[in-house]
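Working notes for the structure below.
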Amino acid sequence: MSVAATIRSARIGLLFGSFNPIHTGHLILAQYMATHTDLSEVWLVVSPQSPYKVNQDLLPEAIRFSLVEAAIAGNNRLRAIDLEFKLPKPNFTITTLDELRRLHPESEFVLLMGGDNLLGLAGWKDTEHIQREFDIYVYPRPGYALPAEKEVNSNVRIVTAPLLDISATFIRQCIEAGKSIRYLVPEAVEQQIVASGYWRK
């Protein structure tokens with residue numbers, strides 16, 4: 001197979017999130033998807049503001065992106081993406097998907113989402129376009145039962161990735177309370193959070 005053919009067959013998973021902050025659960029999931037499925041890489045798409053979380057208190061987007069970059073440094077299967085910083089707000093997934101396809105026509109993009117998001121997919125902007133044009137890999141989320149393969153569209157694949165009940169909300173609460181976040185986030189992320197005093201009261 002030629003190098004060009006190899007590049008054109010690349011399948012890249014897209015894990016969207018505010019990553020406020022990125023934590024071990026995100027990383028385990030991304031690494032699992034990149035190494036236990038047919039995906040060649042997983043790109044972590046840092047969202048400036050989700051249209052479905054308009055009241056969320058977020059660190060500035062550049063800081064959150066910096067934390068993601070620190071978390072995945074040295075891992076050639078994971079990549080941080082700041083494309084949504086340059087797109088119209090609020091950020092809708094279909095806009096980002098179409099722009100990524102335009103910028104990287106040699107790649108095939110796969111949307112990664114939790115079982116909770118799958119339940120709400122019908123309410124997303126241009127959901128029919130998303131489900132028609134893109135494969136979707138669904139992973140388990142605490143408190144949400146995954147559907148059987150036969151119960152979902154043919155472009156939806158159920159992936160039994162590790163179920164990790166870690167949330168950015170819990171990490172922020174720990175910081176505010178002066179509690180340790182060691183092992184909840186990568187060491188490089190912890191060092192940056194502590195040094196800068198993010199979320200500290």
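The values are calculated or read from the model by the stated rules, or taken from the named source; none is laboratory data. Quantities reported herein were computed from a predicted structural model and do not represent experimental measurements. Cβ coordinates were reconstructed from backbone atoms using ideal geometry, including for glycine residues, and neighbour counts include every protein chain displayed.
At a glance:
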quantity	calculated
Test: Leu15 is at pLDDT 95 or above, within 21 Å of Glu108 (Cβ to Cβ) and in a strand (DSSP E or B)	yes
Output for the range 122-161, where each listed residue is under 25 Å from Leu184 (Cβ atoms) and surrounded by fewer than 12 Cβ atoms within 10 Å (Cβ to Cβ)	Gly143, Thr160
Residue match in the range 53-66 (condition: among the β-branched types (Val, Ile, Thr), at pLDDT 95 or above and out of contact with any Phe, Trp or Tyr (no Cβ under 9 Å at 6 or more places or on another chain))	no
Check on Ile171, surrounded by 15 or more Cβ atoms within 10 Å (Cβ to Cβ), hydrophobic (A, V, I, L, M, F, W, C) and assigned to a helix (DSSP H, G or I)	yes
Leading residue by the ranking (surrounded by the fewest Cβ atoms within 10 Å (Cβ to Cβ)) among those in the range 70-113 that are in contact with a strand residue (DSSP E or B) (Cβ under 6 Å, 6 or more places away or on another chain) and assigned to a helix (DSSP H, G or I)	Leu100
The one condition in (1) within 21 Å of Ser18 (Cα to Cα); (2) out of contact with any helix residue (DSSP H, G or I) (no Cβ under 7 Å at 6 or more places or on another chain); (3) touching a residue at least 12 places away in the same chain (Cβ under 8 Å) that Cys174 fails to fulfil	(3)
Answer from Ile130, Ile158, Ile181 - the residue that is over 20 Å from the mean Cα position of the chain (by Cα) and among the aliphatic types (A, V, I, L, M)	Ile181
Every residue from the range 100-119 that is of a type in the set (D, E, K, R), closer than 24 Å to Tyr139 by Cβ and at pLDDT 95 or above	Arg101, Glu108
Matching residues, the range 114-154, being closer than 20 Å to Leu39 by Cα and assigned to a loop (DSSP other than H, G, I, E, B)	Phe134, Pro140, Asn153, Ser154
Every pair of residues 6+ apart whose Cβ atoms lie under 9 Å, when the first sits in the range 182-201 and is in a helix (DSSP H, G or I) while the second is loosely packed, with under 15 Cβ neighbours inside 10 Å and among the charged types (D, E, K, R)	Glu190/Arg182; Ile193/Arg200; Val194/Arg200
Pair list, Cβ < 8 Å and 6+ apart or interchain, from the range 116-128 residues that are over 18 Å from Pro90 (Cα atoms) to residues that are exposed (fewer than 14 other Cβ atoms within 10 Å of the Cβ) and not aromatic (Phe, Trp, Tyr)	Asp116/Gly143
